[in-house]
Amino acid sequence: MIKRLLFPVCMLLGLASINAQTNVQLNINHKLGDIDFALGSEAKNNTEDDFKVTRLEYYISKISLVHDGGNETLIE
């Protein structure tokens, strides 16, 4: 009787560990050149012209997670 229950219990525990989820947090460290970014920051572009950032908007794409010894998962 115990042998008949042992296999299904082991299978359920194995499946539970396979489906375990881990929370992932994305931190973005904004930079303006070599300094930390802040709205209203002043800087020079590659042609030495001065500019001031009053609005920042961008899109993030092609995100992938690297895990388990180098396996890569692309996020849709």
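Within region 33-47, residues that are on the phi > 0 side of the Ramachandran plot and without any contact (Cβ under 8 Å) to a residue 40 or more places away in the chain reach partners that are part of a strand (DSSP E or B) and surrounded by 10 or more Cβ atoms within 10 Å (Cβ to Cβ) with beta carbons closer than 6 Å, at six or more positions or on different chains, in the pairs 33/43. Number of residues in region 48-72 that are in contact (Cβ under 8 Å) with a residue 40 or more places away in the chain and farther than 30 Å from residue 24 by Cα: the value is 0. For region 52-72, residues that are more than 18 Å from the chain's Cα centre (by Cα) and open to solvent by 70 Å² or more (accessible area, probe 1.4 Å) total 5.
If you go through region 40-53 and keep only what is at pLDDT 90 or above and out of contact with any strand residue (DSSP E or B) (no Cβ under 8 Å at 6 or more places or on another chain), you end up with 47, 48, 49.
The values are calculated or read from the model by the stated rules, or taken from the named source; none is laboratory data. Because the structure is predicted, anything quoted here is derived from the model rather than measured. Neighbour counts are summed over all protein chains in view; Cβ atoms, including those assigned to glycine, are modelled from backbone coordinates with ideal geometry. What goes into the accessible areas is simple: the full protein's heavy atoms, side chains included, and nothing from ligands, DNA or RNA. Shrake-Rupley method; radii C 1.70, N 1.55, O 1.52, S 1.80 Å.
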